[in-house]
Amino acid sequence: MGTEWVVELVKGIGKLFLNPLFYYSFLLCIVMGYRRVKQERKDFKIRVQDGLYEMRNLLPMGVVIGLVLSILTITLGFTIPIVAIQVIVIMTILMSLTTRFRFLSPTYVIGITIFVLFFLYKKDVPISFLGDAINEMDGQLFPALAIVMGLLMIAEGILIKKNASKSTSPKLITSNRGMIVGAHGSKRVWMIPLMLFVPGGELASPFDWWPVLSLGEGIQVTPILVPFLLGFSQQVHGSLPKESIQISGQRIIALGILVLAIAIGSIWLPILTIAAATIAILGRELTYYFNKLHEQQSPFYFSKRDHGVLILGIIPDSPADKMALEVGEIITKVNGTPVHTEKQLYEALQYNPAHCKLEILDSNNQVRLVQKALFQGEHYELGILFIPEDRNEKQTG
């Protein structure tokens, strides 16, 4: 690739900042953070993570994954008409307005885009704001979109498994029997900047095989860095949140691999594009349904225990966090005294206010001991969130 290619790629990167989704993603993160903090303060009179936590998770892993995928798309030279990018932007905004962030999955955004463009392909349907872009579509658009969807679904599964399972938000809910129990929720939005090429421009094919999915002979293209938004939402009350969410990520990775394989096949048999989009959407819905069914049929994990005090949440950088206490563990003894309620726990701390020694039953039913010297006032605020005896009482200790 010559100097001309380098210059155009740099310009393509700059076009990221012209895409409304780039700025819209930050707005979504602010809204998510505000709603989460509001819910946590309602339940516990304190927030767990600050309101910018979602924004801090928007880019880091997404940029890394986007870089890897962009190297692939540049190498293969995927050409996608600007109309497809326009429809993806529209679908992303429409899906976000439902406030169900799982609908920001590439499964729905790109899958529905494929159906919309397939319906409009070679049909005289006047859509003024898209101009002549609809009439300029080519059939090779669909395999390229399906392959991008499969790649982003695999990326989504990786992000869910590696990122969404961390620092979930605790909340209080009411069981069917009217008891106060705990649950954990995870809501994320990630941005994956992906380099694609649109027909028209100054760049000619740099390699004999390029582009793999051509939209015509002697095509010239323009690079453009497109921000794809990926969303996720899941509430867990029947198991440890980390385990349940990681399983969801693994299932989506497997579904993405299947969809990608079908999408690659659509290069030779274009109708498989519709099959890929259909399987992606149905598979994603089945994943959501089985997760929900499992939660409904499972007993509440975060409920009152007879043999100790269950940890529902940990405040970051608190004494409890520094002692490496984890969500789902049970405190059975404090300074050698058995405890069954939050009140008993803090009464036991008073026996030795300069030192905290806890006997913990972990999620594998293994007993471990943790201890820490306490500074003045720390024993009043260990930074642990418990399930309250009374929903109106202060929930943090």
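Values computed for the structure shown
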{"read-out": "Residue list for the range 225-263, filter: open to solvent by less than 10 Å² (accessible area, probe 1.4 Å), assigned to a helix (DSSP H, G or I) and farther than 22 Å from Ser169 by Cβ", "value": "Gly256, Val259, Ala263"}
{"read-out": "Residues of the range 31-54 that turn out to be open to solvent by 90 Å² or more (accessible area, probe 1.4 Å) and in contact with a Leu (Cβ under 9 Å, 6 or more places away or on another chain), as a count", "value": "1"}
{"read-out": "Test result for Leu76, in contact (Cβ under 8 Å) with a residue 12 or more places away in the chain, hydrophobic (A, V, I, L, M, F, W, C) and over 22 Å from Leu18 (Cβ atoms)", "value": "yes"}
{"read-out": "Any hit, the range 190-207, residues being of a type in the set (Val, Ile, Thr), closer than 22 Å to Gln49 by Cβ, modelled with pLDDT of 80 or more and buried (at least 19 other Cβ atoms within 10 Å of the Cβ)", "value": "no"}
{"read-out": "Members of the range 264-280 that are modelled with pLDDT of 95 or more and either buried (at least 19 other Cβ atoms within 10 Å of the Cβ) or on the phi > 0 side of the Ramachandran plot (or both)", "value": "Ala276, Ala277, Ala280"}
{"read-out": "Scope the range 308-320; condition modelled with pLDDT of 90 or more and open to solvent by 20 Å² or more (accessible area, probe 1.4 Å); matching residues", "value": "Ile314, Ile315, Pro316"}
{"read-out": "Enumeration of residues in the range 113-122 that are at pLDDT 90 or above and surrounded by fewer than 19 Cβ atoms within 10 Å (Cβ to Cβ)", "value": "Phe115"}
{"read-out": "Condition check for Thr3: over 22 Å from Ser186 (Cβ atoms), of a type in the set (Ser, Thr, Tyr) and either open to solvent by 70 Å² or more (accessible area, probe 1.4 Å) or in contact with a helix residue (DSSP H, G or I) (Cβ under 9 Å, 6 or more places away or on another chain) (or both)", "value": "yes"}
{"read-out": "Among the residues listed as Val83, Val64, Val89, the single one being open to solvent by less than 10 Å² (accessible area, probe 1.4 Å) and either among the aliphatic types (A, V, I, L, M) or outside any helix (DSSP H, G or I) (or both)", "value": "Val83"}
{"read-out": "Cross-chain or 6+ apart pairs with Cβ under 8 Å, the range 327-347 first and without any contact (Cβ under 8 Å) to a residue 24 or more places away in the chain and farther than 17 Å from Asn365 by Cβ, then assigned to a loop (DSSP other than H, G, I, E, B) and hydroxyl-bearing (Ser, Thr, Tyr)", "value": "Asn335/Tyr351; Thr337/Tyr351"}
{"read-out": "Boolean, Leu58 is under 30 Å from Gly383 (Cα atoms) and either touching a residue at least 40 places away in the same chain (Cβ under 8 Å) or among the basic types (Lys, Arg) (or both)", "value": "yes"}
{"read-out": "Pairs with Cβ under 6 Å, 6+ apart, first in the range 250-274 and under 21 Å from Ile112 (Cβ atoms), second of a type in the set (Asp, Glu)", "value": "Ile252/Glu156"}
{"read-out": "Matching residues, the range 345-381, being modelled with pLDDT of 85 or more, surrounded by 14 or more Cβ atoms within 10 Å (Cβ to Cβ) and touching a Ser or Thr at 6+ places or on another chain (Cβ under 8 Å)", "value": "Ala348, Glu359, Ile360, Leu361"}
{"read-out": "The range 151-179, subset among the hydroxyl-bearing types (Ser, Thr, Tyr) and out of contact with any Lys or Arg (no Cβ under 9 Å at 6 or more places or on another chain), residue surrounded by the fewest Cβ atoms within 10 Å (Cβ to Cβ)", "value": "Ser175"}
{"read-out": "Gly12 being on the phi < 0 side of the Ramachandran plot, of a type in the set (Gly, Ala, Ser), at pLDDT below 95 and touching a helix residue (DSSP H, G or I) at 6+ places or on another chain (Cβ under 6 Å)", "value": "no"}
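The values are calculated or read from the model by the stated rules, or taken from the named source; none is laboratory data. If you're wondering where the values come from, they're calculated on a predicted model, not measured in any experiment. Quick reminder, even Gly has a Cβ in these numbers, built from the backbone with ideal geometry, and neighbours come from all protein chains shown. When the accessible area is computed, the model is the full protein with side chains, heavy atoms only, and any ligands, DNA or RNA have been set aside. Shrake-Rupley method; radii C 1.70, N 1.55, O 1.52, S 1.80 Å.
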